[in-house]
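To start, the structure itself, in structure tokens.
The values are calculated or read from the model by the stated rules, or taken from the named source; none is laboratory data. Since we're looking at a predicted model, the values are computed, not measured. Using ideal geometry, Cβ is built from the backbone for each residue, glycine included, and neighbour counts are taken over all protein chains shown.
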Amino acid sequence: MAAKIKKGDTVVVLAGRDKGRSGQVMQVMPAENRALVQGVNMVKRHQRQTANSEGGIISKEAPIQISNIALRDPKDGKPTRVRFQIQDDGTKVRVASRSGEAIDG
């Protein structure tokens with residue numbers, strides 16, 4: 001099955017403590033149905049000091065369920081579903097259901 005959300009997409013969080021916030025997808029984990037979104041679902045991590053990194057408490061992104069994020073519509077910036085469309089030249093592109101605008105170009 002083709003991926004509806006890919007690395008580099010701008011998404012909006014639909015549920016959870018970060019509801020309404022948006023960010024760019026850094027990594028998608030399809031086996032776990034999760035994605036890492038930049039600046040969303042931040043957690044504190046107690047890092048031990050090593051030879052090449054400093055120790056302390058660092059903030060980092062935790063994976064978020066794919067069902068709790070939606071692609072951001074390129075036209076108005078609101079959350080939208082994704083559908084697939086076959087173009088005249090036979091290529092398959094992702095399309096925002098809200099505005100009908102092509103996402104992949």
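Can you find a residue that is surrounded by 14 or more Cβ atoms within 10 Å (Cβ to Cβ), touching a residue at least 60 places away in the same chain (Cβ under 8 Å) and of a type in the set (A, V, I, L, M, F, W, C) anywhere in the range 33-54?
no
Quick check: is even one residue across the range 4-14 acidic (Asp, Glu) and exposed (fewer than 12 other Cβ atoms within 10 Å of the Cβ)?
Within the range 4-14 (the criterion being acidic (Asp, Glu) and exposed (fewer than 12 other Cβ atoms within 10 Å of the Cβ)), the answer is no, since none of the residues qualifies.
Can we say residue 91 is more than 18 Å from residue 26 (Cα to Cα), exposed (fewer than 10 other Cβ atoms within 10 Å of the Cβ) and of a type outside the set (Phe, Trp, Tyr)?
Values: more than 18 Å from residue 26 (Cα to Cα): yes; exposed (fewer than 10 other Cβ atoms within 10 Å of the Cβ): no; of a type outside the set (Phe, Trp, Tyr): yes.
When the stated conditions are applied, residue 91 does not pass them.
Just to confirm my filter: which strands (runs of 3 or more DSSP E) fall fully inside the chain and include at least 2 residues that are of a type in the set (Lys, Arg) and at pLDDT 90 or above?
42-47, 92-96
Please tell me if residue 65 is free of Cβ contacts under 8 Å to residues at least 60 places away in the same chain and exposed (fewer than 10 other Cβ atoms within 10 Å of the Cβ).
no
Do you know which residues across the range 19-32 are free of Cβ contacts under 8 Å to residues at least 24 places away in the same chain and over 15 Å from residue 3 (Cα atoms)?
19, 20, 21, 23, 24
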